[in-house]
Amino acid sequence: MRTSEQAARLLLQYRRPLYAYIQALLRDAHLAEDVFQEVSLVLLRRWEEFGEVRNFWALARETARRQSVATLRRLGRERFVLSAAAQDAVDRGFDAVAEQADPRRDALRHCVQGLPDLWRTIVRSRYWKNLPVGDVARQVDRSENSVAVTLNKIRSRLADCVEQRLRTGDAT
């Protein structure tokens with residue numbers, strides 16, 4: 001896999017915690033989206049320049065912190081920059097979230113693979129392709145009510161499976 005593809009995959013993997021981190025620093029969703037895009041570009045450039053890094057999350061978080069502070073200062077919002085102690089607390093919290101994201105995702109991926117074929121088709125159609133329940137029902141030749149009930153069963157089974165795998169430390 002090319003290094004730029006690796007960087008893109010890692011960026012997608014950490015998108016949610018990174019965006020949430022930026023939003024926590026800026027407290028403005030629209031501004032956070034702009035800064036997230038800037039951070040993404042910086043990270044991709046750095047990856048191409050320096051190659052693979054040991055701890056992508058640490059690099060992404062620090063880049064996001066610097067970009068967020070610079071943005072607040074550029075907009076004349078210095079008073080919104082967190083104190084060092086508050087920033088460290090936010091960092092510790094998001095570091096814990098980022099560390100937990102991978103095992104949960106891996107466990108979910110494994111649990112989805114263990115579903116019956118029809119259920120996997122329903123999950124992929126509803127959540128990956130983002131199709132409405134009615135479209136999913138037509139695709140699998142079932143009633144909307146049947147698909148809705150099945151989705152509830154699937155969510156329950158997946159939640160139980162993921163929690164079980166995380167409890168036993170068998171996320172992969």
| query | What do you get for Rg/Rh over the chain if you use C-alpha atoms and the Kirkwood form of Rh? | reply | 1.07
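Might you report the magnitude of the Cβ-based charge dipole of region 87-160 about its Cα centre, with Lys and Arg at +1 and Asp and Glu at -1, to the nearest 20 debye? Walk me through the intermediate numbers first.
Working: 13 positive and 11 negative charges, 95 e Å.
In debye, rounded to 20, region 87-160 gives about 460.
Bear in mind that the values in this text are calculations on the coordinates, not laboratory data. Note that the structure is a prediction, hence the values are computed from the model and not measured. Note that we place each Cβ from the backbone using ideal geometry, even for glycine, and neighbour counts take in every protein chain shown.
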